[in-house]
Amino acid sequence: MRFFTQRKRFAELTGQEVLALAIASEEDDARIYRGYAERLRAEYPASAAMFDGMAAEEDEHRAQLIDLHQARFGPAIPLIRREHVAGYYARRPVWLMENLSLDRIRGEARAMERDAERFYTAAAARTRDAATRRLLGDLAAAEAGHQARAGELQDTHLDTGTREDEDRAAHRQFVLTWVQPGLAGLMDGSVSTLAPIFATAFATQDTWTTFLVGMAASVGAGISMGFTEAASDDGELSGRGSPLKRGLASGVMTTLGGLGHALPYLIPDFWTATTLALLIVFVELWAIAWIQNRFMQTPFWRAAMQVVLGGALVLGAGALIGSG
């Protein structure tokens, strides 16, 4: 099998190499935790302190592993890392992504500890060498201890009030950056395109022409809304986040909102296409009301009345103009 890969199989590693691999893994994880801490320090200082503590724990375990290696094999530690071993658990480089959410970072940290424990436990069960089996079992226990210690650190640095405050801040940022622009785009795409699409439909009763008009109106509105949102606010003072993300959310949702009731006109039969388009309009408007209720705390029935009434007026105007 070595013919097909340059990586060593775990079964081929010596006890010294397994220990060196554990040392390198602990060092990498400590650096990842410190990266998370630096990223969160400005906005979420309590979570940053938690990750600082987790990094310190990884350093402590790495020091213990180095002491064990020196006692068993001497001071020269072989250079072997995760990517050198086939089948070894991999760390996805999510820490390189900008603007990771707070929940995503916390989830990645939990997954890191679970992956390490699971791997060491499975590896210990497969090996026949008594010393290596004992070493892998110790490493699995250490990773389980990391998880327990992480919980203690979270309790220390993230009391209920602090965590709720950070979660509210993260939710607010998500709403400002993604939900508000996306909702504005969906409303514009769903409502503003009703008039041209249904006016064309009733004026021509030609499904292909109606589809082309709907496609043009949806894509044009999406481009316009996306650029308008991105150019209107750089997010520095308002705290609304990246203009690129807001523009993308607004533009994509505007286009989707219009395409929803344009696509049925790919059906050749006019009345079948129109009936389906009307049903989709109804779903779109109720989806807008649900989003307003879910993320903007707008009472559902008030949001529904506003959106449905506005949509019905625009739709009726388009149908009336087209029929005339």
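The values are calculated or read from the model by the stated rules, or taken from the named source; none is laboratory data. Being a predicted model, the structure only gives us computed values, none of them experimental. Cβ: placed from backbone, ideal geometry, glycine included. Neighbour counts: every protein chain shown.
Could you go through segment 260-271 and let me know if any residue there is among the aliphatic types (A, V, I, L, M), in the same structural domain as V191 (by TED's automatic domain parsing), more than 34 Å from the chain's Cα centre (by Cα) and at pLDDT 75 or above.
Yes, segment 260-271 has at least one match.
Could you go through segment 293-312 and let me know if any residue there is touching a Pro at 6+ places or on another chain (Cβ under 9 Å) and modelled with pLDDT under 90.
yes
With (1) at pLDDT 80 or above; (2) part of a loop (DSSP other than H, G, I, E, B) as the list, and R31 as the residue in question, which single condition is left unmet?
Result: R31 passes all but (2).
Which of the residues belonging to segment 73-93 are part of a helix (DSSP H, G or I) and modelled with pLDDT of 85 or more?
Across segment 73-93, the qualifying residue is only F73.
Need pairs with beta-carbon distance below 7 Å; first residue of a type in the set (S, T, N, Q) and within segment 23-45, second part of a helix (DSSP H, G or I) and surrounded by fewer than 16 Cβ atoms within 10 Å (Cβ to Cβ); sequence gap 6+ or separate chains.
Correct list of pairs: S25/R82.
Name the residue that is surrounded by the most Cβ atoms within 10 Å (Cβ to Cβ), counting only residues in segment 227-277 that are free of Cβ contacts under 8 Å to residues at least 24 places away in the same chain and of a type in the set (A, V, I, L, M, F, W, C).
Checking each candidate, the answer is A230.
Pick from D206, D234: which is in the same structural domain as M305 (by TED's automatic domain parsing) and at pLDDT 90 or above?
When all the criteria are applied, what remains is D206.
Considering every residue within segment 208-220, establish whether at least one is within 34 Å of the chain's Cα centre (by Cα), farther than 14 Å from L263 by Cβ and in contact (Cβ under 8 Å) with a residue 24 or more places away in the chain.
no
Does segment 161-171 include one or more residues that are within 24 Å of F282 (Cα to Cα) and either among the charged types (D, E, K, R) or at pLDDT 85 or above (or both)?
no
Each row is one residue, and each column tells you yes or no for (1) of a type in the set (D, E, K, R); (2) part of a helix (DSSP H, G or I); (3) over 20 Å from Q180 (Cα atoms).
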| site | (1), (2), (3) |
| --- | --- |
| A221 | no, yes, no |
| E229 | yes, yes, no |
| G247 | no, yes, no |
| P264 | no, yes, yes |
| T274 | no, yes, yes |
| A289 | no, yes, no |
| V308 | no, yes, no |
| L315 | no, yes, yes |
| G322 | no, yes, yes |
